[in-house]
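Participant: Here it is, the structure in full.
The values are calculated or read from the model by the stated rules, or taken from the named source; none is laboratory data. Bear in mind that the values here come from a model prediction, so they are computed numbers and not experimental data. As a convention, Cβ positions derive from the backbone with ideal geometry for all residues, glycine included, and neighbour counts pool all protein chains shown. Side chains are part of the model used for accessible areas, which takes the heavy atoms of the whole protein and leaves out ligands, DNA and RNA. Shrake-Rupley method; radii C 1.70, N 1.55, O 1.52, S 1.80 Å.
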Amino acid sequence: MQLAPIFPVKCRPAGDATRPLARTSRLRPKTHQLPGSLKLGVTFIAGVTKIKLPRHPRRNAWRARRVRRAAKIETVETVETGVKKPPHDPRSYRVVRLPNDLEVFLASDPEADMAAAALSVRCGCFNDPASTLGLAHLHEHMLFLGSEKYPEEDEYCRFLGEHAGGSNAYTEEEFTCYYFSVNADFLEGALDRFSQLFLAPRFEVSSLEREIQAVDAENTNYSTDDVWRGVMLHKMTVDEDHPFARFDVGTFETLHGDAPRQTREELLRWNQQHYTADRMKVVIVGSQSLEELQNLAMRFFSAVRTSQRDVKPPSVPSPLPWASLGRVLRRIPVKDIRSIMACWPLPPSSEHLFTKPVQYLSHFLGHEGEGSLHSILNANGWVDDLIAGAEYEFENQQLFALNIILTPEGDEHQEEILGLLYRYISLIRAAGPQQEVFQEIRRLQEIAFAYKEDEPEADDFAEKVAMALHRYSPEEALRGPFALDDWQPDVIQRYLDLLVPERCLIFSTSPSFTTTAEWQHEKWYGTTFREDAFSPGDLPGDSGLELPALNPFVPQDLQLFARTSGTRFPAEATMPTLLSEPEMEMMEIWYKMDRSFGLPRANVMVRALTNSYRLGPDSVVMMRLFCAMVDDDLSSTLYDAQLAGLDYKIEFSDHLQFSVSGFHDKLPRLLTVLVERFEEMYLEVQEAKGASVLHSDAAVQVKQILLQEYENFTREEPLIIAEYFLSQVLSRDAWNFQDYLPVLRRPISLVQLGSALQIALQEVKIQALVHGNIEEHVAVACTEVLQKIPGDVLQKVWQQETIELPPQSTVFQMDLDENPQQKNSCTTNFYQVGSASDLRHEAQLLFLCHAAEPSAFQRLRTELQLGYNVEARHWCENNISGLCIAVQGCRLSPREVDRCIEEWLQIFQQKMETMTNEEFQRQLAAVSSSYNRRYTRLSQETRQHWREIRQSKHFHRVSGVFGTAGFGMISETSKHKMDLIT
């Protein structure tokens, strides 16, 4: 897999799992998720192992000092009006420079119902003072907590929440980014509060004391996360004088929690030095005209101070000098995971922005097609996943990494795998730069940009552009991340020549290592590791490796079949029509031509309803195992399709599901390949009567991976485990992952697999939705292939049921001790309300959950500091909904946290009862707006239609909850008559 795919989203890095490129710190969960309301109670407690995706540290902090006003209000300089944008992009753009040298990117979209802004600053954890490690992270935490003009701690987030918005921030090594979204009508008020955080923030000591504890709790989260533990090992390999070598998360000790006033003074000095207009980029997205947006930018950001002097960043050495290379670090993980990561330091990407040599390298090394390194390793049963791309990027160097996730068998062949890797690199180098491959990558990039969908949310768009402006010119801020304009074979060859064993740094992860006296413990998170010199052996001979062929799935036909004339609002969207005839008992095919997005894309969703789940854990395991075998078998064949902007999925949860999506040109073919291969492998298994045990490398590998996933589950973070068991507790006749383990631990024969599949697929009913730029006759032909799925007509469809909870409080405590290193526990309280089909109650529940989210966060997270992760949200499963409160932390025991939640609930009830009618109407408008936003992607509308089809609601809830039948029901209702809080 390439780390830098065609679509320039935040790339999945080549870390030991899925370390985000930017270490994000969320001030609070976004309010876009379905909220809830309260009644019957379940308290769920899990004291568990944790393995958390590293979200990088939060960094907020500021104070109240007088802001130097701009000496003169001069004219705004227009920097760029010709921003290169996709041809179908409805927005208008302009880039201006304010008198204080602050560059502002303006995006006007008259149709937008959501507005957003982002501010990025060239300053990150590399700027931490050596005496206060983690200060940039703490600064990000603190910055949100009040300004001189708006001193209340929660004013900024409260205002956004009341107007259907939310905020977020993250700190990288060299950059920090803050961004928000809000209802388009309230952009001005949001910008006022947002800008004040950078003009005159308050770093109150009382807030600072709490946020230091929050940072310390966040660090506790990371300490048992294998990905974060790997980051700390990476830091040990770099030059000790380079800032990356320093610890940058922050703890109570490094942030001088026992001397908060001292830390506050440090924050003030740090902010004054680094948060200046010349280091910042601002993006504003709104429904106003460009002139109006420009006036808002001038009004709110022209007073941001400019650096008093030309401060040049200190020169730093290259992170990885020659002396640090040619080594291997072996470490023992917390989870049962195995991997090899090979890393090479390369020149920084800023030197060749429009050649992108690392993307060229990633194309070859991350390829999964026939003859690739991945396909050879997969044929041997040695690899689970392979990811190539930039692991870290610094101003003067980047670290290119190839991360190979191994199977248990692959773990026993690490030396051979490294030999194959170097052999493959030698093959690529010998072939030299391939212009036709570069042209193919460029063509795919051009198509991806030209037919690019909107970002899922306006704030995601603002955040990406705010970061891109530090790398690309204003004209190229949108196109630049896609652009491959310059064919420079000499540059690509120079990069290829750097990928030699002598310049490689290897990280080997395995639970099977045996420790001896030479093993050490990393300082911050205690990872057990050993460092050795690395000397590659002889390269293997004929290994079957070959360079990938050109991609046959590059789309050719990109014409549109309908004129854009539809609405993107959920309540106004036309509904799919049923194509299947009544006599087609086995098939229920829904179709809708897209008339709203004007893009050559389509989605096909398929669900094969069976009785498989009801038959027991053996049946479930066999279905999941078979789906994984089909997926694994297709990985090489369909990898090119994924590179060309297509995607597919085959899985079994409680029913069998297929999906394909992407450019319509090759979509029918993709679905045909997927379903026909499913049928072929089904018949192969049925005919394999002589095979006693799953014997192929691929089958054994898939079984091992599935078993490993289940065995590792108890080492996930407590929040994830608590949510899983809550779902289990609420579901009638649900199987537990512990029910699947015995099945996977015993030998499975092909005869058993074939017999189980035959019984599971004995009766089938097909539901399908075809939605997008695809003609009706093609949709019909496309779904005819679904008749190849074996089975007779399913007479009775089984549906999972949710248990009605008793009126009294019910407590389930799960003590999972598989990971003694885990310090956190999670307390999850669920208050069940009832059927989501009752539109009036559901609308009231959504309203209450919307109000509960900021209230719970402020009380349980900000004030009581119960844990870094605090959630209050709507929970709906099997059409039964309620309010879910979850707290993960280690400060108090789960039962004490439960008491705090109950106390908060009383406070919240009083707040609701005393809420003024004005505030009530404002909150109601916000939640109504948040659930009636325009679709920004075709896939969003597809998922909504598919949800209705799966629930057999046939689309009445869309117009019901989102329209006058839902929130409209309570718009004139007195708040005191909302009797759901009991």
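Participant: If a residue has to be under 24 Å from the mean Cα position of the chain (by Cα), open to solvent by 10 Å² or more (accessible area, probe 1.4 Å) and closer than 13 Å to residue 701 by Cα to count, how many in the stretch 358-387 make the cut?
Facilitator: Within the stretch 358-387, residues that are under 24 Å from the mean Cα position of the chain (by Cα), open to solvent by 10 Å² or more (accessible area, probe 1.4 Å) and closer than 13 Å to residue 701 by Cα number 2.
Participant: A follow-up question, please. Kindly establish whether residue 150 is modelled with pLDDT of 95 or more, open to solvent by 10 Å² or more (accessible area, probe 1.4 Å), of a type outside the set (Lys, Arg) and within 20 Å of the chain's Cα centre (by Cα). Walk me through how you get there before you give the answer.
Facilitator: Numbers: modelled with pLDDT of 95 or more: yes; open to solvent by 10 Å² or more (accessible area, probe 1.4 Å): yes; of a type outside the set (Lys, Arg): yes; within 20 Å of the chain's Cα centre (by Cα): no.
When the stated conditions are applied, residue 150 does not pass them.
Participant: Pairs needed: first member in the stretch 918-939, more than 10 Å from residue 183 (Cα to Cα); second member anywhere, assigned to a loop (DSSP other than H, G, I, E, B) and basic (Lys, Arg); C-beta distance under 7 Å; at least 6 residues apart or different chains.
Facilitator: 934/568; 935/568
Participant: Could you count how many residues in the stretch 375-394 are among the hydrophobic types (A, V, I, L, M, F, W, C) and closer than 13 Å to residue 543 by Cα?
Facilitator: Within the stretch 375-394, residues that are among the hydrophobic types (A, V, I, L, M, F, W, C) and closer than 13 Å to residue 543 by Cα number 3.
Participant: Counting just the residues of the stretch 388-435 that are within 19 Å of residue 344 (Cβ to Cβ) and hydroxyl-bearing (Ser, Thr, Tyr), which one comes out most open to solvent (accessible area, probe 1.4 Å)?
Facilitator: Applying the filter and picking the extreme gives 426.
Participant: Next question, about the same structure. Identify the residue in the stretch 728-741 that is touching a residue at least 60 places away in the same chain (Cβ under 8 Å) and touching a Pro at 6+ places or on another chain (Cβ under 9 Å) and, among all such residues, is nearest to residue 708 (Cα to Cα).
Facilitator: Our first condition is that a residue be touching a residue at least 60 places away in the same chain (Cβ under 8 Å); within the stretch 728-741, this holds for 729-735, 739-740.
Right, trim to touching a Pro at 6+ places or on another chain (Cβ under 9 Å) and you get 735, 739-740.
Numbers: 735: 18, 739: 14, 740: 12 Å.
Only one residue fits best here, namely 740.
Participant: Within the stretch 340-373, track down each residue that is over 29 Å from residue 468 (Cα atoms), in contact with a helix residue (DSSP H, G or I) (Cβ under 8 Å, 6 or more places away or on another chain) and of a type outside the set (Asp, Glu). It would help to see each step written out before you state the result.
Facilitator: Initially, the stretch 340-373 is screened for residues over 29 Å from residue 468 (Cα atoms), giving 340, 368-373.
Checking the rest, the ones that are also in contact with a helix residue (DSSP H, G or I) (Cβ under 8 Å, 6 or more places away or on another chain) come to 340, 368-370, 372-373.
Selection gives 340, 369, 372, 373.
Participant: While we're on this one: State the number of residues belonging to the stretch 741-785 that are of a type in the set (S, T, N, Q) and open to solvent by 20 Å² or more (accessible area, probe 1.4 Å). Spell out how you get there, then give the answer.
Facilitator: Residues of the stretch 741-785 of a type in the set (S, T, N, Q): 749, 752, 755, 758, 762, 767, 773, 783.
Now narrow it down to the ones that are open to solvent by 20 Å² or more (accessible area, probe 1.4 Å): 752, 755, 758, 762.
The number of residues fulfilling the criteria is 4.
Participant: Does residue 210 meet the test of being open to solvent by 30 Å² or more (accessible area, probe 1.4 Å), modelled with pLDDT of 90 or more and either in a loop (DSSP other than H, G, I, E, B) or closer than 30 Å to residue 306 by Cβ (or both)?
Facilitator: Details: open to solvent by 30 Å² or more (accessible area, probe 1.4 Å): yes; modelled with pLDDT of 90 or more: yes; either in a loop (DSSP other than H, G, I, E, B) or closer than 30 Å to residue 306 by Cβ (or both): no.
No; evaluated as a whole, the condition is false for this residue.
Participant: Right, another one. Read through the list (1) surrounded by fewer than 24 Cβ atoms within 10 Å (Cβ to Cβ); (2) at pLDDT 95 or above, then give the number of the only condition that residue 187 fails.
Facilitator: Here residue 187 meets the rest and fails (1).
Participant: Looking at 909, 888 in this structure, which one is assigned to a strand (DSSP E or B) and modelled with pLDDT of 90 or more? Working first, answer last.
Facilitator: Details: 909 fails: assigned to a strand (DSSP E or B).
Every option except 888 fails the conditions.
Participant: Name the residue that is most open to solvent (accessible area, probe 1.4 Å), counting only residues in the stretch 289-330 that are in contact with a Pro (Cβ under 8 Å, 6 or more places away or on another chain), aliphatic (A, V, I, L, M) and modelled with pLDDT under 85.
Facilitator: The selected residue is 316.
Participant: Quick check on this structure: which one of 570, 540, 582 is open to solvent by less than 50 Å² (accessible area, probe 1.4 Å), more than 16 Å from residue 329 (Cβ to Cβ), at pLDDT below 90 and over 34 Å from the mean Cα position of the chain (by Cα)? If you could, list the steps in order and put the result at the bottom.
Facilitator: Numbers: 570 fails: over 34 Å from the mean Cα position of the chain (by Cα); 582 fails: open to solvent by less than 50 Å² (accessible area, probe 1.4 Å).
Residue meeting the stated conditions: 540.
Participant: Now for a separate question. What residue, of 927, 897, is β-branched (Val, Ile, Thr), part of a helix (DSSP H, G or I) and modelled with pLDDT of 90 or more? Working first, answer last.
Facilitator: Values: 927 fails: modelled with pLDDT of 90 or more.
897 is the lone residue from the list that is β-branched (Val, Ile, Thr), part of a helix (DSSP H, G or I) and modelled with pLDDT of 90 or more.
Participant: Separate question: Yes or no: the stretch 851-870 includes at least one residue that is part of a strand (DSSP E or B) and either farther than 30 Å from residue 206 by Cβ or out of contact with any His (no Cβ under 9 Å at 6 or more places or on another chain) (or both). Walk me through how you get there before you give the answer.
Facilitator: To start, the set of residues in the stretch 851-870 that are part of a strand (DSSP E or B) comprises 869-870.
Keeping just the survivors that are either farther than 30 Å from residue 206 by Cβ or out of contact with any His (no Cβ under 9 Å at 6 or more places or on another chain) (or both) gives 869-870.
So far as the stretch 851-870 goes, yes, one or more of its residues are part of a strand (DSSP E or B) and either farther than 30 Å from residue 206 by Cβ or out of contact with any His (no Cβ under 9 Å at 6 or more places or on another chain) (or both).
Participant: Just wondering, is there one or more residues in the stretch 418-428 that are closer than 30 Å to residue 106 by Cβ and not small (Gly, Ala, Ser)? Can you show your working first?
Facilitator: Filtering the stretch 418-428 for residues closer than 30 Å to residue 106 by Cβ gives none.
There is no residue in the stretch 418-428 that is closer than 30 Å to residue 106 by Cβ and not small (Gly, Ala, Ser).
Participant: Another one. Are there any pairs with C-beta distances below 8 angstrom linking a residue in the stretch 187-216 that is without any contact (Cβ under 8 Å) to a residue 40 or more places away in the chain and at negative phi to a residue that is in a helix (DSSP H, G or I) and open to solvent by 10 Å² or more (accessible area, probe 1.4 Å), with the two at least 6 apart or on different chains, and if so which?
Facilitator: Between residues of the stretch 187-216 that are without any contact (Cβ under 8 Å) to a residue 40 or more places away in the chain and at negative phi and residues that are in a helix (DSSP H, G or I) and open to solvent by 10 Å² or more (accessible area, probe 1.4 Å), the close pairs are 189/159.
Participant: Here is a further query. Any residue that is in contact with a strand residue (DSSP E or B) (Cβ under 6 Å, 6 or more places away or on another chain), open to solvent by 10 Å² or more (accessible area, probe 1.4 Å) and among the small types (Gly, Ala, Ser) - is there at least one of those in the stretch 787-799?
Facilitator: yes
Participant: Those residues that are within 29 Å of the chain's Cα centre (by Cα), polar (S, T, N, Q) and in a helix (DSSP H, G or I), I need them from the stretch 229-277; list them, please.
Facilitator: Once the filter is applied, which keeps residues that are within 29 Å of the chain's Cα centre (by Cα), polar (S, T, N, Q) and in a helix (DSSP H, G or I), the stretch 229-277 yields only 237.
Participant: Name the residue that is surrounded by the fewest Cβ atoms within 10 Å (Cβ to Cβ), counting only residues in the stretch 213-265 that are in contact with a His (Cβ under 7 Å, 6 or more places away or on another chain) and not β-branched (Val, Ile, Thr).
Facilitator: Residues of the stretch 213-265 in contact with a His (Cβ under 7 Å, 6 or more places away or on another chain): 214-215, 248-250, 262-263.
From what's left, not β-branched (Val, Ile, Thr): 214, 248, 250, 262.
On the way: 214: 22, 248: 26, 250: 29, 262: 13.
Per the stated criteria, the residue is 262.
Participant: Could you list, in sequence order, all residues of the stretch 834-843 that are touching a strand residue (DSSP E or B) at 6+ places or on another chain (Cβ under 9 Å), open to solvent by less than 30 Å² (accessible area, probe 1.4 Å) and not in a loop (DSSP other than H, G, I, E, B)? Give the steps one after another, and end with the answer.
Facilitator: Just the residues of the stretch 834-843 that are touching a strand residue (DSSP E or B) at 6+ places or on another chain (Cβ under 9 Å), to begin with: 834-836, 841-842.
So of that shortlist, the ones also open to solvent by less than 30 Å² (accessible area, probe 1.4 Å) come out as 834, 836, 842.
Across the stretch 834-843, the qualifying residues are 834, 842.
Every residue, every condition in (1) open to solvent by 10 Å² or more (accessible area, probe 1.4 Å); (2) under 27 Å from residue 153 (Cα atoms); (3) out of contact with any helix residue (DSSP H, G or I) (no Cβ under 6 Å at 6 or more places or on another chain), yes or no:
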position: 802; (1), (2), (3): yes, no, no
position: 805; (1), (2), (3): yes, no, yes
position: 813; (1), (2), (3): yes, no, yes
position: 861; (1), (2), (3): no, yes, yes
